[in-house]
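J.: There's a structure below that I have some questions on.
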Amino acid sequence: MTQTEYAKHSGLSQGYISALVKQGMPMHSPEAADAWRGTSKGGNGRGPKKAPTPQPTAVEQEGPYRPPDSAQPVDTSVAAEDTAQGAYERQKQIERASYDLAVKALRGGQLDSGRLVSVHAQAAKNLVACRQDVLDLAEREKRLVSGDWVRKVMQDHDGSVASLLKSMPKQLAGRIAPHDPEHAERELNRWVQEVALKTLHNTDPWKA
């Protein structure tokens, strides 16, 4: 009896059957294999015990890893274009097709499942690279700005505002209360520290 014949008899995948055969499951008849799967004689004289059951790996259960971009729909109207975005859309199609083939091979216990998983891994890597090409091009064409650039601009702006606020008490105290500029400066400085600068700090979107 071949593993393929037993797969049809039992409904198990060939990969799973192959793992059982390596553990000692007899293959001279379906009845012997069925009996072995239910009980396997131990050497302690205490009667039969359950045969160990190999557990499928995470890849066999869920399929190979897929990048987040794979969940996005393919824009078929752009896929035919000779552009970075077109290459990206085509690569999404390639990743999806290779993923389906890998999952089918794993679930069916096909001998070439390892090769198909490797093919999909490369397709997934290429998809990530294509996505980065799209982002890099958009940044060069000024259609997209990087997070680092936005962060620097905001920090420079907030730094200028903070410097202006810190200098305000001394500059305005004499105008506000010419009869007691020291008191006015202390009160203004307290407001700057406890209200203005604290608010800037608490509303900073880049703080850890």
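The values are calculated or read from the model by the stated rules, or taken from the named source; none is laboratory data. Since we're looking at a predicted model, the values are computed, not measured. No Cβ is skipped: glycine too gets one built from the backbone with ideal geometry, and neighbour counts run over all protein chains shown. The protein model used for the area step is the full one, side chains on, heavy atoms only, and it has no ligands, DNA or RNA in it. Shrake-Rupley method; radii C 1.70, N 1.55, O 1.52, S 1.80 Å.
J.: I'm trying to understand the selection: among the residues of region 126-160, which are β-branched (Val, Ile, Thr) and closer than 27 Å to GLU89 by Cα? Quick ask: steps written out before the conclusion?
T.: Pass one, region 126-160, residues β-branched (Val, Ile, Thr): 128, 134, 145, 150, 153.
VAL128, VAL134, VAL145, listed by residue number.
J.: Only residues that are touching a helix residue (DSSP H, G or I) at 6+ places or on another chain (Cβ under 6 Å) and among the β-branched types (Val, Ile, Thr): list them for region 152-208, please.
T.: Once the filter is applied, which keeps residues that are touching a helix residue (DSSP H, G or I) at 6+ places or on another chain (Cβ under 6 Å) and among the β-branched types (Val, Ile, Thr), region 152-208 yields ILE176, VAL192.
J.: Could you say whether any residue in region 119-126 is out of contact with any Gly (no Cβ under 6 Å at 6 or more places or on another chain) and over 30 Å from TYR16 (Cα atoms)?
T.: Yes: region 119-126 contains one or more residues that are out of contact with any Gly (no Cβ under 6 Å at 6 or more places or on another chain) and over 30 Å from TYR16 (Cα atoms).
J.: Something else about it: Could you list, in sequence order, the residues of region 74-109 that are open to solvent by 80 Å² or more (accessible area, probe 1.4 Å) and touching a residue at least 12 places away in the same chain (Cβ under 8 Å)?
T.: Listed by number, the residues that qualify are THR76, GLN93, ILE94, ARG96, LEU101, ARG107.
J.: What residue, among those in region 110-128 that are in a loop (DSSP other than H, G, I, E, B) and open to solvent by 60 Å² or more (accessible area, probe 1.4 Å), is farthest from GLN14 (Cα to Cα)? Write out each step before concluding.
T.: Pass one, region 110-128, residues in a loop (DSSP other than H, G, I, E, B): 110-112.
Right, trim to open to solvent by 60 Å² or more (accessible area, probe 1.4 Å) and you get 110-111.
Details: GLN110: 7, LEU111: 9 Å.
Among those that are in a loop (DSSP other than H, G, I, E, B) and open to solvent by 60 Å² or more (accessible area, probe 1.4 Å), it is LEU111.
J.: In addition: Run down ARG151, ARG131, ARG175 and say which single residue is open to solvent by 90 Å² or more (accessible area, probe 1.4 Å) and touching a residue at least 40 places away in the same chain (Cβ under 8 Å).
T.: Among ARG151, ARG131, ARG175, only ARG151 is open to solvent by 90 Å² or more (accessible area, probe 1.4 Å) and touching a residue at least 40 places away in the same chain (Cβ under 8 Å).
J.: Follow-up. Can you name the residue in region 5-30 that is in a helix (DSSP H, G or I) and open to solvent by 50 Å² or more (accessible area, probe 1.4 Å) and is also nearest to LYS104 (Cα to Cα) among such residues?
T.: That would be GLN14.
J.: I'd like the residue in region 31-63 that is in a helix (DSSP H, G or I), open to solvent by 40 Å² or more (accessible area, probe 1.4 Å) and closer than 27 Å to LYS104 by Cα and, out of all such residues, is modelled with the highest pLDDT.
T.: Among residues in region 31-63 that are in a helix (DSSP H, G or I), open to solvent by 40 Å² or more (accessible area, probe 1.4 Å) and closer than 27 Å to LYS104 by Cα, the one modelled with the highest pLDDT is ASP34.
J.: Something else now. For the subset of region 136-180 comprising residues that are acidic (Asp, Glu) and not in a helix (DSSP H, G or I), which member is modelled with the highest pLDDT?
T.: Pass one, region 136-180, residues acidic (Asp, Glu): 136, 139, 141, 148, 156, 158, 180.
Cutting the leftovers down to not in a helix (DSSP H, G or I) gives us 141, 180.
Values: GLU141: 79, ASP180: 93.
Here the answer is ASP180.
J.: Right, next: Out of ALA71, ALA97, ALA84, I need the residue that is within 21 Å of the chain's Cα centre (by Cα), under 30 Å from ALA138 (Cα atoms) and at pLDDT 90 or above. Which one? Spell out the reasoning first.
T.: Numbers: ALA71 fails: at pLDDT 90 or above; ALA84 fails: within 21 Å of the chain's Cα centre (by Cα).
After applying the criteria, what remains is ALA97.
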